[in-house]
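**Q** My questions all concern the structure below.
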Amino acid sequence: MIVKETDTVLDIPWSAAWASITFRTKFLLGSLLFTVLLLCFPYFFALIQKRQGIVLHDWLLYYLPSIDVSAYIFTLIYITVLVGIYRAAQSPLLFLLFLWSCLLLSLSRIVTISLVPLDPPIGLVQLVDPILFPFYGRNEITKDLFYSGHTGSVFLVYLILQKKREKIFALIATLVVGMLLLLQHIHYMIDVLFAPLFVYIIFILAKRITNVFPENS
């Protein structure tokens, strides 16, 4: 389904989008692949947790105290992501783009984590995600480092959102979440800094796959 980015393109109803076989195929394929990937996550994280990585000398973490700020991290992440899902669900085209972006983000992290074996930073304070816990498995996961999925997920919402105020909120949330992750010594500085770059590339690729807003891809 080819569309042009106009003032009304995001107002296309779900019934009209679902009538397109192209939309249905991409939606169902993306949903299936994303579900399979999530089900594979516990095995992947259990595998990388057993391998030997390296500890980076991060000058910023050296000067930062180790503080448990989990509540603030999850509050910001879940508020932002829920707003993103809510807004994306109002438009089938935007939701399709969001779906494929999430799929590619998850897949890219498997690749980057596999290629960059890191041990957790010194002073790490364990962060337990109450929502994603079933996908991580029962073991504590501390080696899923490069790049930061928490930072990347919030930045993806920034890219998805259309309203200026909501985009500003999501961008600020991205910066704050990144800083809080460093304060808790969950990630190295490079994990946080590279997350927006990877996610932006993923977002452009997802636009091409879904063929949403092709003129600006």
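The values are calculated or read from the model by the stated rules, or taken from the named source; none is laboratory data. All values reported here derive from a predicted model rather than from experimental measurement. Don't worry about glycine lacking a Cβ; one is built from the backbone with ideal geometry, like all the others, and counts go over all protein chains shown.
**Q** Please determine, by comparing only the residues of segment 41-58 that are farther than 22 Å from S108 by Cβ and in contact (Cβ under 8 Å) with a residue 40 or more places away in the chain, which one is surrounded by the most Cβ atoms within 10 Å (Cβ to Cβ).
**A** Checked segment 41-58; the qualifying residue surrounded by the most Cβ atoms within 10 Å (Cβ to Cβ) is D58.
**Q** Give segment 96-129 a look and list any residue that's surrounded by fewer than 19 Cβ atoms within 10 Å (Cβ to Cβ), free of Cβ contacts under 8 Å to residues at least 60 places away in the same chain and not aliphatic (A, V, I, L, M), or say none.
**A** Passing the criteria: Q126, D129.
**Q** Confirm whether L76 is within 24 Å of W14 (Cβ to Cβ), aliphatic (A, V, I, L, M), surrounded by 19 or more Cβ atoms within 10 Å (Cβ to Cβ) and under 16 Å from the mean Cα position of the chain (by Cα).
**A** no
**Q** Go through (1) hydrophobic (A, V, I, L, M, F, W, C); (2) within 25 Å of I201 (Cβ to Cβ); (3) modelled with pLDDT of 95 or more and name the single condition L61 misses.
**A** Of (1) hydrophobic (A, V, I, L, M, F, W, C); (2) within 25 Å of I201 (Cβ to Cβ); (3) modelled with pLDDT of 95 or more, only one is false for L61: (2).
**Q** From the residues in segment 28-72 that are polar (S, T, N, Q) and outside any helix (DSSP H, G or I), which one is farthest from H187 (Cα to Cα)?
**A** Here the residue is Q52.
**Q** Of the conditions (1) among the hydroxyl-bearing types (S, T, Y); (2) without any contact (Cβ under 8 Å) to a residue 60 or more places away in the chain; (3) under 17 Å from H187 (Cα atoms), Y78 fails just one. Which one is it?
**A** For Y78, the exception is condition (3).
**Q** Can you find a residue that is within 16 Å of T80 (Cβ to Cβ), within 14 Å of the chain's Cα centre (by Cα) and free of Cβ contacts under 8 Å to residues at least 40 places away in the same chain anywhere in segment 178-186?
**A** The answer is yes; a qualifying residue exists.
**Q** For segment 130-217, which fully contained helices (runs of 4 or more DSSP H) count at least 2 residues that are surrounded by 20 or more Cβ atoms within 10 Å (Cβ to Cβ) and either in contact with an Asp or Glu (Cβ under 9 Å, 6 or more places away or on another chain) or modelled with pLDDT of 95 or more (or both)?
**A** 149-160, 164-183, 189-210
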